[in-house]
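Here the structure comes first, spelled out in structure tokens, and everything after it is commentary.
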Amino acid sequence: MTDAPRATRGRPRVGSPSLLEEAAFELFLENGYAGTTVEQISTRAGVSRNTFFNYFAAKSDVFWVGLDASIDRLAASLDASNADGGVLPIELLRTALLDVAARLGPSDVPWVLTHFELIGSTHEVMASAIGRATRLSSVIERALGDATSAAVSRSLSFACVAAVVAAMMSWAEAGPDRGSLASHLERALSPVLTGFSSP
């Protein structure tokens, strides 16, 4: 008589932003955004509530995992381009933005942009989006440094953010054949940077 095979438990699931993101999106589809709690997301992901808050400050932050990583990459790229602390040429700003955008393929569109009707324009979601826009603007403005007056640097940074937002909306609306974000961003960004480059 042979022994019955023993069940193996394998490695325990380890929390990660992508695991929590996936669990959250499943629950948003099932229960709606407002009907889903952080506790439910944590349980679905197989982690503790504390683990959720190790990665995210709020439920709405799960929408921006890819965007947050992209802003981090942009900040690192601009810091490297401007390591001497001098004037950052606008062409380097264009290159850095488009290089980061090129890494975002068709499946990287933020989930909230393709499921906005399900989520709705909640204060929490809008506040989280505005927080990312503000951070992106700060990254660009800091990179510009003393290249121009503070008012012009701020204007350029906000104009770049507006171009990014417009490009992301176009990208989300383009459907499965949308390609990377880069082509959408180039169309939205070029007139902005050309205008600021003009004497």
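Values in this text are rule-based calculations from the coordinates and carry no lab data. All values derive from a computational prediction rather than experimental measurement. Positions of Cβ are backbone-derived with ideal geometry, glycine not excepted, and every protein chain shown enters the neighbour counts.
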Kindly provide log₁₀ I(q)/I(0) values, in the same order as q = 0.08, 0.09, 0.15 Å⁻¹, from the Debye equation applied to equal alpha-carbon scatterers of the chain. -0.34, -0.42, -0.96
So how long is each side of segment 15-131 along the principal axes, counting just the alpha-carbon atoms, biggest first, in Å? 50, 30, 25
All-pairs alpha carbon distance profile, segment 89-149, 5 Å steps from 0, percent: 3, 13, 17, 20, 18, 14, 9, 5, 1
How long are the three semi-axes of the equivalent ellipsoid of segment 17-56, in whole Å, if each is the root of 5 times an eigenvalue of the C-alpha gyration tensor, listed from largest down? 16, 10, 8
Computed FRET efficiency, Cβ-Cβ of residue 194 and residue 57, R0 41 Å: what is it to the nearest 0.05? 0.65
Calculate the tail of P(r) for segment 127-181: the fraction of all Cα-Cα distances greater than 15 Å, expressed in %. 54
